[in-house]
Amino acid sequence: MSSTSFTKPGPHVFKDAAIPISLVGPHVVESLLSPSPKTLETTFLFSKATGYCNEFQLNSLLKLAIANTNSPLVSALIDTGADPNGRDSDERPVMSLAVRSGDVDVVRVLIESSCTIQHPIDRFLHEAAEMERLDLMKVLCLGFKEIDVNSIDLNGRPPLHIAAIHGNIELL
């Protein structure tokens, strides 16, 4: 009996595997988010696997890609249907995760993907000031025309006060 008699027709994860990609789509994407080198085959697998992910899985994978500071995959997941305005169970936006990751490219991808700010909940500038990241503050101010540089955090402090607390003259 040949090995082809065990495979069913349809899209599969690997050429010789009998596991339908629809059963492991999110897991394939998750493994492709690892820092291993990317090849044309992994790019192909990524595009096939995301096609079998539901909205919840895409949004979870987006958070993982942001945490791994992988801006090309963040962009690809958003193009596939992940929500750049998604929030976690604590109502923190994915942009907050991107700012905390410290990756300017990921922040730019989210801004370019129509990510929005919900005033007064979102405090992206405060997070960047807390991390003493002028580059992130600049990207946020240039990317979000409606960002409020005078917004206050839960302690009643605007981003400039946070910069002053840290003694960061450059941020001021």
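Is it the case that segment 91-109 has a residue that's at pLDDT below 95, crowded, with 21+ Cβ neighbours inside 10 Å and part of a loop (DSSP other than H, G, I, E, B)?
No, that holds for no residue.
Being modelled with pLDDT under 90 and either surrounded by fewer than 16 Cβ atoms within 10 Å (Cβ to Cβ) or under 12 Å from ALA98 (Cβ atoms) (or both) is the filter here, so list the residues in segment 43-55 that pass it.
THR43, PHE44, SER47, GLY51, ASN54, listed by residue number.
Going through SER101, SER114, SER151 one at a time, which residue ends up being under 17 Å from ALA67 (Cα atoms) and among the polar types (S, T, N, Q)?
Only one candidate qualifies: SER101.
Is it the case, given these coordinates, that ASP83 is charged (D, E, K, R), part of a loop (DSSP other than H, G, I, E, B) and modelled with pLDDT of 85 or more? Write out each step before concluding.
Numbers: charged (D, E, K, R): yes; part of a loop (DSSP other than H, G, I, E, B): yes; modelled with pLDDT of 85 or more: yes.
Considered against the rule, which asks whether it is charged (D, E, K, R), part of a loop (DSSP other than H, G, I, E, B) and modelled with pLDDT of 85 or more, ASP83 comes out as yes.
Return yes when GLU30 is more than 30 Å from CYS141 (Cα to Cα), modelled with pLDDT under 80, loosely packed, with under 13 Cβ neighbours inside 10 Å and out of contact with any Pro (no Cβ under 8 Å at 6 or more places or on another chain) and no when it is not.
no
Out of all the residues in segment 63-93, which are touching a helix residue (DSSP H, G or I) at 6+ places or on another chain (Cβ under 6 Å) and within 13 Å of CYS115 (Cα to Cα)?
VAL74, SER75, ALA82, ASP83, PRO84, GLY86
Select, from LEU125, LEU142, the only residue that is modelled with pLDDT of 85 or more, over 13 Å from GLY102 (Cβ atoms), surrounded by fewer than 12 Cβ atoms within 10 Å (Cβ to Cβ) and not acidic (Asp, Glu).
LEU142
The values are calculated or read from the model by the stated rules, or taken from the named source; none is laboratory data. Because the structure is predicted, anything quoted here is derived from the model rather than measured. Don't worry about glycine lacking a Cβ; one is built from the backbone with ideal geometry, like all the others, and counts go over all protein chains shown.
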